[in-house]
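The values are calculated or read from the model by the stated rules, or taken from the named source; none is laboratory data. Just so we're clear, the structure is a prediction, and the values are computed from it rather than from any experiment. Please note: Cβ atoms are built from the backbone with ideal geometry, for glycine as well, and neighbour counts cover all protein chains shown. These accessible areas exclude ligands, DNA and RNA; they are computed on the full protein's heavy atoms, side chains included. Shrake-Rupley method; radii C 1.70, N 1.55, O 1.52, S 1.80 Å.
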Amino acid sequence: MTVAQIMENMLAFSEGNIHDIDHFLRVWSYAKTIGELEGLDRETQFILEAAAIVHDIACPLCREKYGNTNGKYQEREGEPMVRAFFADSDLSAEQIDRIAWLVAHHHTFNEIEGIDYQILVEADYIANASENGYDRKNIENFMARFMKTDSDVRLTKAVFCL
Ligand SMILES: [Fe+2]
């Protein structure tokens with residue numbers, strides 16, 4: 001399964017929810033760009049891009065079930081949904097495990113391990129900051145505390161004119 005096929009399936013899965021579609025397209029494009037700028041190997045880049053596309057897969061369910069998209073609910077509900085999403089794919093069990101694990105941790109910033117996890121969190125932050133109009137202080141604080149890749153710091157500075 002290619003990244004494009006994952007994208008096509010996720011677009012279909014989103015059933016016309018343009019808000020969610022715009023968000024994951026944005027996160028995926030930042031993640032892809034940062035991953036390539038950081039020189040990730042092919043496999044890690046693939047896992048990162050797949051995780052970026054499906055990272056908010058649980059949002060519609062969480063809105064319905066809990067009335068909000070609180071990060072902890074998303075992490076809990078997201079993992080089995082990712083497994084179901086890739087159940088009929090040709091991805092290996094190891095690949096699905098890693099993507100599901102990333103989705104199940106993408107709102108947890110204090111135990112980031114692995115460059116795919118790091119970049120997913122960074123890409124999601126840039127997208128959220130632009131969509132929700134985070135102020136300069138919030139962005140600078142996140143940059144200082146959680147951004148580790150040089151590429152992400154450069155992109156964030158460029159996007160927000162810092
Ligand atoms: Fe997100």
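So here's what we get for this one:
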item	result
Per-residue SASA entry for residue 28, accessible area with 1.4 Å probe, Å² rounded to 10	60
Sequence of 32, 137, 72, 148 from largest to smallest accessible area, 1.4 Å probe	137, 148, 72, 32
Student exercise, the chain dipole from Lys, Arg, Asp, Glu Cβ charges, in Debye to nearest 20	560
Length gained when the stretch residue 43-residue 8 is fully extended (0.36 nm per residue, less Cα-Cα span)	10.6 nm
Computed helical MRE - 222 nm, the chain, DSSP H runs ≥ 4 contributing -39500 (n - 2.57), nearest 500	-23000 deg cm²/dmol
Average accessible area per residue (Å²) across the chain - probe 1.4 Å, nucleic acids and ligands excluded	51
Contour excess over end-to-end distance, with Cα ends at residue 141 and residue 89 and 0.36 nm allotted per residue	14.8 nm
Principal axis dimensions, the chain - Cα atoms, whole angstrom, descending	44, 38, 28
Among 120, 40, 91: highest mean-square fluctuation, GNM of the chain, C-alpha pairs under 10 Å	91
Where GluC sites (Glu not before Pro) in DSSP loops with at most 13 other Cβ within 10 Å are excluded, longest remaining stretch of the chain	16-110
Sulfur and carbon atoms: percent of accessible area, segment 56-162 [1.4 Å]	48
Length added when fully stretched, residue 148-residue 21, from 0.36 nm per residue minus Cα-Cα	43.0 nm
Kirkwood hydrodynamic radius over Cα pairs of segment 86-162, then Stokes diffusion coefficient at 4 °C and 1.567 mPa s, in µm²/s	95
Where 145, 83, 98 fall by accessible area, highest first, once all protein chains stay in place (1.4 Å)	145, 83, 98
Net charge contributed by nearby residues that have their C-beta within less than 12 Å of residue 49 (K/R +1, D/E -1)	-1
